[in-house]
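The structure appears right after this line, and notes come after that.
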Amino acid sequence: MRSLLSALFALSVLPAAAQLGPNGATASFKGSLPPKPTATLSAEQEASIEKQLSGLKADFDSVKKHPRSADAAIFLKAVRYALDFDEWYDKKPEDAVKKASALLDEAKSRILALKENKTPWMDGSGQKVLGYYSHIDDSPQPYGVEVPEGLEIGKKEIPMWIWLHGRGDTATDLNFVYSRLMAKKPGQFQPKGTMVIHPFGRFCNGWKSAGEIDVFECRDDAVSRFKVDKNRIALAGFSMGGAGAWHLGAHYADQWACVHTGAGFADVKRYQKLTPDKYPVWYEQKLWGVYDVPDYARNFLNVPLISYSGEFDAQRDSAEYMMEVLGKQGIHPPHLIGPGMGHKYHPEVIKEVQSLIEKSVEKGRDLFPDEIHIQTKTPYYGRMKWMNLHGMEESWREARLDAKVLDGQTLEIKTSNVTRIVFYPPPQVRKGGGKLKLILDGSALSLALGPELPQFQTMAQAGPKVPGTLCRLIKENGVWRDFGSAQSFQHDSPAGGKPSSHPGLMDMAFMKRFLVVLPDGKSSSPAVDAWVESESTHFLTRWRSLMRGDVRVVKASEVPDVYEAGKTQNLILWGTPESNSCIKAVLGSLPLDWNAKKTGMRGKQTFDAGTHIPALTYPCLKSPGFEIVINSGLTFREAHDRTNSLQNPKLPDWAILDITQAPGAESAGKVVAADFFDEKWQVK
C-alpha cells in the first residue's frame, strides 16, 4: 500500500470554485479596512477607557527609554487606535470593553515591572505577546511567540518558525494583541523543540509594503531575545499567510531554511480572473511584477519549498498554477492535498507537512552553495546568499543570473538583462592564489580576491565592512569589466543606473525609514494648496489605519538642510516649490520643470500648475541611500483593500495629476502622464 503522502501527491486536479466575489472582493471584506464597528461603545464606556489610557500613558513615559518598553507600548497603542477608529467588533459592547480593560491591565503590570527593570512575561514557556519599535516610523508593533513546554531558552541555539496569519479584516491591534495575550492553545503546527513567532504584519496588507518589513523586524527582535539559530528559520503561512509565504519565500529565498505555502494567491491576473478587456493601464500591468510570484519562481531553486491545498479549496488553483510554473524551471516541490478539505488543513496531512518542514529546518540553510539562481523584475529583490544582481538594463523586465562554482578557483555566471553584479567569493573558489577565474556570459575575466570574512552571512546580511572583500562588475557597451573596489554604484557614478538601493517606485520609499515634510508656505494656486492639505492628511490617516503607525511629521521650515536630512531617511515632500522650501531646495536636482504657471517632466509636455501637480520619486543626489518622494503616499487606495491581491503599487516613478478630478477611492486625481525613469534616472 502506498503511503498517505504518495497517495495525496497522485490526486488529480479538480476545477476550482470561485475564489472571490463578483466584485473581485475577498469574502471577509466589509466595505473598508478597518471595518465599521459592529457593537459601538457608549460615550460613557469610551470615556472610561480613555481615562484609564491617559493615566497609563503618563506612567509609561517614565519607562519609555527602557530597552523593552515596546512590550508595554503595544497595549497602549492597541487601545488608542481602537478608540480613534471605532474598532469594536464583538457581539456586545461589554465584550469589547473587557478586551480593552485586559490590555490596559497588562500594560499597567508591565510598566510597573519595567520600573524595576524586570520582564517577567519573558520567563518560561507558553504563549507570549511582545513588541518592538519599527525602524520605518518608530511605531510599536506587536508579535506573538510560542515557546513549547520543556524548551530551554538560552542554553543552546534553537530553530524557529515564522507563521504568517490569514486575512482578518477585524484583526486590528486590539484583537490581535488580545488573541495572543489570552491564547491558551498552541497553533496548528507544533514543531518539536522549536519556537514559533506570529508577526502582526501591520494588519491586513497581504504581507507587502510595511507588512513585508514587519516580518523581518519581528524576526530580528526575536533573534535578539532568544538564542535562535539564524540558519534554521522556516517561513510558513496559510490563506493570506500562504500568499505571504509565496511572496516572501520567492523574493527572499536566501533567508529561510524552508518555505511552506498553505493555500494563498500567487499573482494578480489569474487570481482576479482578468481578461484583456479588464486589464488596467500599461504601467500598472508592468507593476504586477513587483509581487507576482511566477516572476520570481526560479528563486525557489535556492530553498526547499513545501505546498499544501485542500482538495476542494478555491485557492488550490494558485498552487497548481505555481507547480506548472516551477516545473518549467526544473523545480518539483511536494504539493500535498488534503482529501475532502476546503480552505483548511487535513488533520493527517498536516502531520506530513510538519515532518517535511522539520527535516529541512534540521538541515539548515547553506550560506555558500555551489549554485545560486536569481530571477527578478527589480534590483531591489536581486540579492541571494553571496550574490547580488545589482543593476539591470531595464527594470520591470525579467532579469536572470545563474552562478555556478566550477572548481576551486573558477566561477561561471550567466546573465540576462543584467548590467551590474556585486558578489562575495565563496570559500570554495579561494584556491587560486588570490585570483579568481570568472567566466561571465562566455567571456573570461581574472579577479583579485579580497580577504575572507568568516562571519559573512548573506548579501542581505553582510558582515563587517572590510575594503576589497567584494567583487564588482559592470557591463558597458555589451562588455563586462571589473569595476574594482569602488565604494558603491550610485546613479550619478560612472556605473549609472538604478541599483538595489534606488529601485524606483514611490511605494518602495515607505519600506524604509521616512519622514513627512509638510509645506511651510502657500502657493499661487488655492486649488493646489487645498489638494496638498487634503491628500497629505489622507496619507497620514491611511498609514495609521492600514499600516498601524504614526508617521513622523515636520514642517519644511524645521528642515535646515534637506540633503543632510536625507542621509538617514526617505523624505516625503508635500507641496510646490512655492509652498515647501525643501522642494524648492531640491528642484534643481530633479528632471522636472515646475514654476507657478507650468509643471511637467523635463522634455515632456507641460501642464497648468494651477490645476496639475507632479508626483514622483528620485534619489537624494547628495545623500546616497535614500530617496525623496514628492506629493504621494501609498499609491494603492481604499478601493484596492477589498482583496490583498490588489494592494500593489499603482503608479510608476513619476506621474502628473489633473486635480480638477477630485481624489477618490482609486486615485488621487486624473493621471494625465506617467512613466518610469530610465536606468540612469532620466526622463525617457
Practice task
Determine whether the stretch 264-284 contains at least one residue that is in contact with a Pro (Cβ under 8 Å, 6 or more places away or on another chain) and buried (at least 24 other Cβ atoms within 10 Å of the Cβ).
Solution key: yes
Problem - Selected residue (only one of 298, 365 is among the basic types (Lys, Arg), under 26 Å from the mean Cα position of the chain (by Cα), in a loop (DSSP other than H, G, I, E, B) and at pLDDT 95 or above) - result: 365
Exercise for the section: Please find, among 566, 521, the residue that is in contact (Cβ under 8 Å) with a residue 60 or more places away in the chain, buried (at least 19 other Cβ atoms within 10 Å of the Cβ), over 18 Å from residue 669 (Cβ atoms) and of a type outside the set (A, V, I, L, M). Expected result: 566
Exercise for the section: Residues being in a loop (DSSP other than H, G, I, E, B) and in contact (Cβ under 8 Å) with a residue 12 or more places away in the chain: count how many of those fall in the stretch 52-71. Expected result: 5
Completion exercise
Flagged in the stretch 287-313 as out of contact with any helix residue (DSSP H, G or I) (no Cβ under 7 Å at 6 or more places or on another chain), crowded, with 20+ Cβ neighbours inside 10 Å and over 25 Å from residue 367 (Cα atoms), in numbering order, are 287, 288, 290, 292, 313
Practice task
With respect to residue 216, determine if the residue is surrounded by fewer than 24 Cβ atoms within 10 Å (Cβ to Cβ) and within 17 Å of residue 143 (Cβ to Cβ).
Solution key: yes
Practice task
Would you check if there is a residue in the stretch 320-327 being crowded, with 20+ Cβ neighbours inside 10 Å, farther than 22 Å from residue 163 by Cα and touching a Leu at 6+ places or on another chain (Cβ under 9 Å)?
Solution key: yes
Exercise for the section: Out of the residues in the stretch 661-673 that are farther than 16 Å from residue 633 by Cα and touching a residue at least 60 places away in the same chain (Cβ under 8 Å), state the one that is surrounded by the fewest Cβ atoms within 10 Å (Cβ to Cβ). Expected result: 672
Exercise for the section: Specify the residue that is surrounded by the most Cβ atoms within 10 Å (Cβ to Cβ); the eligible residues are those in the stretch 416-429 that are closer than 21 Å to residue 367 by Cα and touching a Leu at 6+ places or on another chain (Cβ under 6 Å). Expected result: 421
Problem - Selection count, the stretch 642-684, where residues are of a type in the set (D, E, K, R) and modelled with pLDDT under 95 - result: 4
Practice task
Find all pairs meeting these conditions: Cβ atoms under 8 angstrom apart; at least six residues apart or on different chains; first residue within the stretch 433-447 and over 14 Å from residue 484 (Cα atoms) and outside any strand (DSSP E or B); second residue hydrophobic (A, V, I, L, M, F, W, C) and at pLDDT 95 or above.
Solution key: 441/413; 441/480
Exercise for the section: Mind listing whichever residues of the stretch 194-212 are under 16 Å from residue 245 (Cβ atoms) and of a type in the set (Val, Ile, Thr)? Expected result: 196, 197
Handout entry: Qualifying residue in the stretch 334-350 (condition: in contact with a helix residue (DSSP H, G or I) (Cβ under 8 Å, 6 or more places away or on another chain) and in a helix (DSSP H, G or I))
Key = yes
Practice task
Examine the stretch 537-544 for a residue that is touching a helix residue (DSSP H, G or I) at 6+ places or on another chain (Cβ under 6 Å), in contact (Cβ under 8 Å) with a residue 24 or more places away in the chain, farther than 21 Å from residue 657 by Cα and not acidic (Asp, Glu), and state whether such a residue exists.
Solution key: no
Problem - Unmet requirement for residue 131, which otherwise passes all of (1) assigned to a loop (DSSP other than H, G, I, E, B); (2) of a type outside the set (Phe, Trp, Tyr); (3) within 22 Å of the chain's Cα centre (by Cα); (4) more than 26 Å from residue 261 (Cβ to Cβ) - result: (1)
Handout entry: Condition check for residue 141: in contact (Cβ under 8 Å) with a residue 24 or more places away in the chain, over 16 Å from residue 219 (Cα atoms) and assigned to a strand (DSSP E or B)
Key = no
Handout entry: Any chance residue 651 is free of Cβ contacts under 8 Å to residues at least 12 places away in the same chain and in contact with a Phe, Trp or Tyr (Cβ under 8 Å, 6 or more places away or on another chain)
Key = no
Practice task
Looking at (1) out of contact with any helix residue (DSSP H, G or I) (no Cβ under 6 Å at 6 or more places or on another chain); (2) basic (Lys, Arg); (3) over 16 Å from residue 357 (Cα atoms); (4) crowded, with 18+ Cβ neighbours inside 10 Å, find the lone condition where residue 202 falls short.
Solution key: (1)
Handout entry: Selection status of residue 587, in the same structural domain as residue 512 (by TED's automatic domain parsing) and part of a loop (DSSP other than H, G, I, E, B)
Key = no
Practice task
Could you check residue 622 against (1) among the charged types (D, E, K, R); (2) surrounded by fewer than 24 Cβ atoms within 10 Å (Cβ to Cβ); (3) touching a residue at least 40 places away in the same chain (Cβ under 8 Å); (4) under 30 Å from residue 239 (Cα atoms) and say which number it fails?
Solution key: (4)
Fill in the blank from the handout: Residue count, the stretch 27-51, condition surrounded by fewer than 17 Cβ atoms within 10 Å (Cβ to Cβ) and part of a helix (DSSP H, G or I), comes to 7
Handout entry: Hits in the stretch 593-617 - residues which are buried (at least 22 other Cβ atoms within 10 Å of the Cβ) and either of a type in the set (Lys, Arg) or not in a loop (DSSP other than H, G, I, E, B) (or both)
Key = 594, 599, 601, 612, 613, 614, 615, 616, 617
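The values are calculated or read from the model by the stated rules, or taken from the named source; none is laboratory data. Computed from a predicted model, the values in this text were never measured in an experiment. All Cβ positions, even for glycine, are placed from backbone atoms using ideal geometry, and neighbour counts span all protein chains on display.
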